[in-house]
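Engineer: Take a look at the following structure, please.
Derivation of every value follows stated rules applied to the coordinates shown; laboratory data play no part. Only a predicted model underlies this, so the values are computations on that prediction, with no experimental measurement involved. Counting neighbours? That spans all protein chains shown, and the Cβs are built from the backbone with ideal geometry, glycine included.
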Amino acid sequence: MDFAKYEALGNDYIVIDPSSTGFVPLPEHVRLACDRHHGLGGDGLLYGPLPAEEGFRLLTFNADGSQCPQSGNGLRIFARYLRESGHTGADTFTLHSCAGPSTVRVLDVASGTVSADLGVASLDSRAVGAAGPARPLLREP
C-alpha cells in the first residue's frame, strides 16, 4: 500500500491518496493502519485528495476509526503532502474538510512550513457539544 507519513507539532498522520491505492477508509481499516504495534502507527489518517469544485477535499480520521470534522495539524500536513507529491504548485489554496473550506498557505517549501486558516474560535458551549445550559466556556473546571 502506498502511503506517506508526516508529523506536525507532535501529531503524526498517515496520508493515503486514493489515486494510488485501493485502500478503503472503513473504520476497521483506519484503526488497523493507525495501530502503533501492528500497523503503520499514527494519531490519525488523512484520505485524499478527493474531487472538489475548487481546491482539494480530504477526509480526516481519528486513530479509533471515527471521522473527525477537521484537524489543524491535519490540514497543514495534507497541504504539504499536496505540494510535495505534485498535486499542486500553488502556495495558497483551499482544502475542503467535513467542517468546511479552509485556506492553507505554504510559507516555506524547503522546511515544509504551512499555515491554515481555521476561522474564528467559538467559546459557546453549543458549538463544542458541552453538556448543560448554553453558556460561554470560560474558567470551567
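Engineer: Taking R0 as 41 Å, what FRET efficiency do you get between THR88 and GLU28 from their Cβ-Cβ distance, rounded to the nearest 0.05?
Structural biologist: It comes out at approximately 0.85.
Engineer: Of TYR81, GLY100, LEU59, which is farthest on the positive side of the dipole of the chain, counting Cα position, with +1 on Lys and Arg Cβ, -1 on Asp and Glu Cβ, and the Cα centre as origin?
Structural biologist: The one lying farthest along the dipole's positive direction is GLY100.
Engineer: Under 10 Å, Cα contacts only: if you run a Gaussian network model on the chain, which one of GLY65, GLY44, GLY119 comes out with the highest mean-square fluctuation?
Structural biologist: Among GLY65, GLY44, GLY119, the largest GNM mean-square fluctuation belongs to GLY119.
Engineer: Along the Cα→Cβ direction, 7 angstrom out, place labels at THR21 and ARG105. What is the inter-label distance in nm?
Structural biologist: So the label points at THR21 and ARG105 sit 3.2 nm apart.
Engineer: Can you list the trypsin sites (Lys or Arg not before Pro) in segment 62-132 that are in a DSSP coil and have 13 or fewer other beta carbons within 10 angstrom?
Structural biologist: Working: sites: ARG76, ARG80, ARG83, ARG105, ARG126; in loops: none.
Taking segment 62-132 and a limit of 13 other Cβ atoms within 10 Å, no loop trypsin sites (Lys or Arg not before Pro) are found.
Engineer: Gaussian network model of the chain, Cα springs within a sub-10 Å range: biggest mean-square fluctuation belongs to which of ASP117, ASP108, ASP35?
Structural biologist: Judging by the Gaussian network model, the answer is ASP108.
Engineer: I would also like to ask the following. Where the only charges are on Cβ atoms (+1 Lys, Arg; -1 Asp, Glu), what is the dipole of segment 83-141 about its Cα centre, to the nearest 20 debye?
Structural biologist: Roughly 260 debye, rounded to the nearest 20.
Engineer: What length, rounded to one decimal in nm, is gained on full extension from ARG135 through to ASN11, with 0.36 nm per residue of separation minus their alpha-carbon distance? List each step's numbers first, then the result.
Structural biologist: On the way: separation 124, 0.36 × 124 = 44.64 nm, distance 3.05 nm.
41.6 nm is the gain from fully extending ARG135 to ASN11.
Engineer: Continuing with the same structure: Where Lys and Arg each count +1 and Asp and Glu each count -1, what net charge lies around ASP17 among other residues with Cβ under 14 Å from its Cβ?
Structural biologist: Overall, the nearby charge balance is +2.
Engineer: Sticking with this structure for a sec: Between SER122 and GLN67, what FRET efficiency follows from the Cβ-Cβ distance if R0 is 30 Å, with the result rounded to 0.05? Don't skip to the answer; put the middle values down first.
Structural biologist: Numbers: r = 20 Å, r/R0 = 0.68.
Taking R0 as 30 Å, the efficiency between SER122 and GLN67 is 0.90.
Engineer: Say a site is exposed when it is one of the GluC sites (Glu not before Pro), sits in a DSSP loop, and has at most 14 other Cβ atoms within 10 Å; what is then the longest site-free stretch of the chain?
Structural biologist: Numbers: sites that count: GLU53, GLU54.
Free of exposed loop sites, the longest segment is 55-141.
Engineer: Compute the acute angle (0 to 90°) between the alpha-carbon long axis of helix 72-84 and the principal axis of greatest extent of the alpha-carbon atoms of the chain; round to the nearest 10°.
Structural biologist: Tilt relative to the chain: about 20 degrees.
Engineer: Using a 10 angstrom cutoff on alpha carbons, build the Gaussian network for the chain and name the most mobile of SER66, SER102, SER115.
Structural biologist: With Cα springs under 10 Å in the chain, the top fluctuation among SER66, SER102, SER115 is at SER66.
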